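**Q** To start, I am sharing the structure in question, which I have written as structure tokens.
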Amino acid sequence: ALALFNKGEAQLIVQATDYDLAKINEIVSSWDAAKPQKARKALVFCRCEGFPHNHAISYALRALDAASRKTKAFTFDTTTDYRYMNAKNFAQYDAIVLLNCTHPDTVNHKNLEKDLLSFVSKGKGLCVIHAGCDGFYKAPAAAEMIGGQFANHPWIFGRTWSFTNEEPEHPLNRAFKNDGNPFALIEEVYQHPSPPFDRSKVRVLLSLNMKDK
């Protein structure tokens, strides 16, 4: 999964504890995963130009690797190199994953926004994880495509929040409580301005239950 890293970039990977690795594998192994219609290939971009998320990236890569082995639904390459973030290289992938890649440089890499928009317009996938939405401040079309953009951490970091499962029957919500009542998770919440967030343009699966804030 690290085949596209430049020499020296392996230092991005933070050493996980044996306990944490065991917990990741335990959780992924317990999934009632849907059988994929076919295997797909993803490109994971995890370069941080803004706030560094090395720990989050490292653990997420291990979770993705465990999920890949468990589900057999996808394989992935990982890179922090802009040379691979272009239409020519995208052609071999079914999805692009923006993994905690803060502040992508769309000024010096002017093709990035255009090529991501083109990729998605062709029916390919885009997955944005956590701080992957902390960027595209000078690329409004990309921010609108993502549907959200980091503005602030409201209230308190890492507290327990109440969430509403808006589509209990959706496959992506199978892991969450689906009895129609709010459920609690410890999470770091991002606040998104509007625009680019516009509920009429997105399909909300989970939402913050403000009544229990």
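**Q** Check off (1) surrounded by fewer than 16 Cβ atoms within 10 Å (Cβ to Cβ); (2) over 22 Å from Arg174 (Cα atoms) for Pro36 and give me the number that stays unchecked.
**A** With (1) surrounded by fewer than 16 Cβ atoms within 10 Å (Cβ to Cβ); (2) over 22 Å from Arg174 (Cα atoms) applied to Pro36, the lone miss is (2).
**Q** Can you pull out every residue in the range 192-212 that is loosely packed, with under 14 Cβ neighbours inside 10 Å and touching a strand residue (DSSP E or B) at 6+ places or on another chain (Cβ under 7 Å)?
**A** Result: Ser207, Asp212.
**Q** Identify, please: which residue in the range 118-127 is exposed (fewer than 15 other Cβ atoms within 10 Å of the Cβ) and not in a loop (DSSP other than H, G, I, E, B) and is, among those, nearest to the chain's Cα centre (by Cα)?
**A** Step one: list which residues in the range 118-127 are exposed (fewer than 15 other Cβ atoms within 10 Å of the Cβ), which gives 118, 121-123, 125, 127.
Those left that are additionally not in a loop (DSSP other than H, G, I, E, B): 118, 121, 125, 127.
Working: Ser118: 19, Ser121: 19, Gly125: 11, Cys127: 5 Å.
Applying the filter and picking the extreme gives Cys127.
**Q** Within the group Asp115, Asp105, which residue is of a type in the set (Asp, Glu), open to solvent by less than 40 Å² (accessible area, probe 1.4 Å), in a loop (DSSP other than H, G, I, E, B) and modelled with pLDDT of 95 or more? Talk me through it step by step, then tell me what you get.
**A** Working: Asp115 fails: in a loop (DSSP other than H, G, I, E, B).
Residue meeting the stated conditions: Asp105.
**Q** How about the range 77-88: which of its residues are out of contact with any Phe, Trp or Tyr (no Cβ under 7 Å at 6 or more places or on another chain), surrounded by 15 or more Cβ atoms within 10 Å (Cβ to Cβ) and at pLDDT 95 or above?
**A** Asn86
**Q** Take the conditions among the hydrophobic types (A, V, I, L, M, F, W, C), under 17 Å from the mean Cα position of the chain (by Cα), modelled with pLDDT of 90 or more and open to solvent by 70 Å² or more (accessible area, probe 1.4 Å) and apply them to Phe45. Does it pass? Explain how you work it out, then say what you get.
**A** Values: among the hydrophobic types (A, V, I, L, M, F, W, C): yes; under 17 Å from the mean Cα position of the chain (by Cα): yes; modelled with pLDDT of 90 or more: yes; open to solvent by 70 Å² or more (accessible area, probe 1.4 Å): no.
Against the criterion (among the hydrophobic types (A, V, I, L, M, F, W, C), under 17 Å from the mean Cα position of the chain (by Cα), modelled with pLDDT of 90 or more and open to solvent by 70 Å² or more (accessible area, probe 1.4 Å)), Phe45 does not qualify.
**Q** Tell me which residues, restricted to the range 95-150, are in contact (Cβ under 8 Å) with a residue 40 or more places away in the chain and of a type in the set (S, T, N, Q).
**A** Of everything in the range 95-150, those that are in contact (Cβ under 8 Å) with a residue 40 or more places away in the chain and of a type in the set (S, T, N, Q) turn out to be Asn100, Thr102, Gln149.
**Q** Which one is most open to solvent (accessible area, probe 1.4 Å), of the residues in the range 152-173 that are modelled with pLDDT of 90 or more and in a loop (DSSP other than H, G, I, E, B)?
**A** It comes out as Glu166.
**Q** Next question. Anything in the range 128-144 that is hydrophobic (A, V, I, L, M, F, W, C) and either open to solvent by 60 Å² or more (accessible area, probe 1.4 Å) or part of a strand (DSSP E or B) (or both)? List them, or say none.
**A** Taking the range 128-144 first, the residues hydrophobic (A, V, I, L, M, F, W, C) are 128-129, 131, 133, 136, 139, 141-143.
Of everything in the range 128-144, those that are hydrophobic (A, V, I, L, M, F, W, C) and either open to solvent by 60 Å² or more (accessible area, probe 1.4 Å) or part of a strand (DSSP E or B) (or both) turn out to be Val128, Ile129.
**Q** Do the conditions hold for Ala91, that is, is it crowded, with 17+ Cβ neighbours inside 10 Å and either under 22 Å from Val120 (Cα atoms) or in contact (Cβ under 8 Å) with a residue 24 or more places away in the chain (or both)?
**A** Working: crowded, with 17+ Cβ neighbours inside 10 Å: no; either under 22 Å from Val120 (Cα atoms) or in contact (Cβ under 8 Å) with a residue 24 or more places away in the chain (or both): yes.
No: the conditions fail for Ala91.
**Q** Could you count how many residues in the range 63-81 are in a loop (DSSP other than H, G, I, E, B) and more than 12 Å from Ala33 (Cα to Cα)? So that I can check it myself, show each step before the final result.
**A** Filtering the range 63-81 for residues in a loop (DSSP other than H, G, I, E, B) gives 72-73, 80-81.
Cutting the leftovers down to more than 12 Å from Ala33 (Cα to Cα) gives us 80-81.
Total meeting the criteria: 2.
**Q** Moving to a separate point now. Only one of Thr160, Thr102 is of a type in the set (Val, Ile, Thr) and within 14 Å of the chain's Cα centre (by Cα). Can you tell me which? Reasoning before the result, please.
**A** On the way: Thr160 fails: within 14 Å of the chain's Cα centre (by Cα).
When all the criteria are applied, what remains is Thr102.
**Q** If you check Ala42 against the conditions, is it under 27 Å from Phe150 (Cβ atoms), out of contact with any Pro (no Cβ under 8 Å at 6 or more places or on another chain) and free of Cβ contacts under 8 Å to residues at least 60 places away in the same chain?
**A** Values: under 27 Å from Phe150 (Cβ atoms): yes; out of contact with any Pro (no Cβ under 8 Å at 6 or more places or on another chain): yes; free of Cβ contacts under 8 Å to residues at least 60 places away in the same chain: no.
Considered against the rule, which asks whether it is under 27 Å from Phe150 (Cβ atoms), out of contact with any Pro (no Cβ under 8 Å at 6 or more places or on another chain) and free of Cβ contacts under 8 Å to residues at least 60 places away in the same chain, Ala42 comes out as no.
**Q** Taking the options Lys138, Lys177, name whichever one is of a type outside the set (S, T, N, Q), more than 15 Å from Phe197 (Cβ to Cβ) and in contact with a Phe, Trp or Tyr (Cβ under 6 Å, 6 or more places away or on another chain). Working first, answer last.
**A** Working: Lys138 fails: in contact with a Phe, Trp or Tyr (Cβ under 6 Å, 6 or more places away or on another chain).
Result of the check over Lys138, Lys177: Lys177.
The values are calculated or read from the model by the stated rules, or taken from the named source; none is laboratory data. If you're wondering where the values come from, they're calculated on a predicted model, not measured in any experiment. When we count neighbours, we look across all protein chains shown, and the Cβ atoms used for this are built from the backbone with ideal geometry, even at glycine. Accessible surface is based on the protein model in full, side chains and every heavy atom, while ligands, DNA and RNA are left aside. Shrake-Rupley method; radii C 1.70, N 1.55, O 1.52, S 1.80 Å.
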